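Step one of this worksheet: look at the structure below.
Each value in this text was obtained by applying a stated rule to the coordinates, not by laboratory testing. Just so it is clear, the structure is predicted and the values come from calculations on it, not from any experiment. Note that we place each Cβ from the backbone using ideal geometry, even for glycine, and neighbour counts take in every protein chain shown.
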Amino acid sequence: MALVEREPLALPSGAGTGVAVEPLGVLARPHTKTGWRSWVSTVDHKKIGIMYGVAALLFFIVGGLEAMLIRIQLAQPNGTVLSADLYNQVYTMHGVTMVFLVIMPMAAAFANYLLPLQIGARDVAFPRLNALSFWMFLGGGLFFNTAWFVGGGGADCGWFCYAPNSGVAFSPTHGVDFYGVGLQIAGAASLIGAVNLIVTVLNMRAPGMTLFRMPVFTWMQLVVQFLLLFSLPVITVALFLLTFDRSFGANFFNISQGADPLLWQHLFWIFGHPEVYILILPSFGIVSEIIPTMSRKPIYGYPFMVFSGIAIGFMGWGVWAHHMFASGLGPISWPPSPCRRCSSRCPPG
């Protein structure tokens, strides 16, 4: 029986013609390979991870200089290097820089670079959102530090910015305003990145890469992204309330108008205690990759390590009140907190 060859159908999309059809205009994937434009316009997860790392190191230098000023001031009694007000500003800016602009983006650097490689994905699920996340983070960090130059000085309310110290009466300059808006921008960036990485892990694993074949680092990062997903909206609400208090005359934290200053503490630490695990779990994952690799042995107790990371993430939501032990919560609400705190130590052990 003779075989009859037929011309392939010409599809409108260009499929089967050997010609790749790409979206036009701003929808086209960036093609610049070299020079600074390749970094500014990139959507490659590796380059974005490198940029996160470089930005974190630059902010680390800023935070380190602020730390040096603090130590010089405290090197001898009655130090005169910094005034009392300037010391409060340097202390606050150092704390915020190290937590939000150094440790968190450094973890994001490792996640962006390594996580798609570890699960066999070509890239993250939403490459352009990944780029948007980095540039929003960088913009938020720069905006926050701009307070030194145009805000009358940095924020001076401590990195936790307790009310009523964050009010206009005690912080009349615009440093706290830059604190509120800058962290909202950086928080939105982290939220976008969290959604991106969660979708990447759940939907873009290579064939055969089941959840319990993923590396421990990928698991720890997945737990971290879920913690970010649920904790960042809480601190975002608190920052919005603070911004409205200072800029629009609201009274969410104004004690003279009947507000409760503990509202800020609850909102901040409901975010702040999961933040502890957001900062430490990536390190757990990195160590869990280095030790078996360098010892050339498979990691012992893999399922227990994975479930302990998940348990830490869950239990971290119930222990925020131990940060408020001096706030006078009362004999009913305070005692359960240290008990829950102790129980949350069991999974790492």
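3J(HN,Hα) couplings calculated from phi for region 148-156 with the Karplus curve 6.51 cos²θ - 1.76 cosθ + 1.60 (θ = phi - 60°) are, in sequence order, 4, 9, 10, x, x, x, x, 4, 10 Hz; Gly and Pro show x.
Length gained on full extension, TRP317 to ASN78: 82.0 nm, using 0.36 nm per residue less the C-alpha separation.
Only Cα pairs under 8 Å and 6+ residues apart enter the sum, and on that basis the relative contact order of the chain stands at 14 percent.
Shape class of region 64-211 from the Cα gyration tensor (axes a ≥ b ≥ c, square roots of the eigenvalues): prolate, since a/c reaches 1.5 or more and a/b is larger than b/c.
If you take the Cα centroid of region 273-320 and the Cα centroid of region 148-189, the two points sit 33 Å apart. Taking a ≥ b ≥ c as the square roots of the Cα gyration tensor eigenvalues, region 43-343 comes out prolate, since a/c reaches at least 1.5 and a/b is larger than b/c. Residues GLU66, GLU289, arranged from fewest to most other Cβ atoms within 10 angstrom of their Cβ, appear as GLU289, GLU66.
In straight-distance terms, cross-link reach from LYS33 covers every one of the lysines whose alpha-carbon lies under 27 Å from its own, apart from those fewer than eight places away in the same chain; here that gives LYS46, LYS47. Span-like helix criteria (full DSSP H runs; alpha carbon extent of at least 24 Å along the helix axis; mean Kyte-Doolittle hydropathy of at least 1.0) are satisfied in the chain by 45-74, 175-203, 216-248, 262-295. The label-point distance for SER256 and LEU117, in a model that sets each label 7 Å from Cα toward Cβ, rounds to 5.8 nm.
Would you mind classifying region 132-234 by shape? Square roots of the alpha carbon gyration tensor eigenvalues, ordered a ≥ b ≥ c; an a/c under 1.5 is rounded, otherwise it is prolate if a/b is larger than b/c and oblate if not. Since a/c reaches 1.5 and a/b is larger than b/c, the shape of region 132-234 is classed as prolate. What the Cβ-Cβ distance of ALA206 and PHE248 gives, at R0 = 35 Å and to the nearest 0.05, is a FRET efficiency of 0.10.
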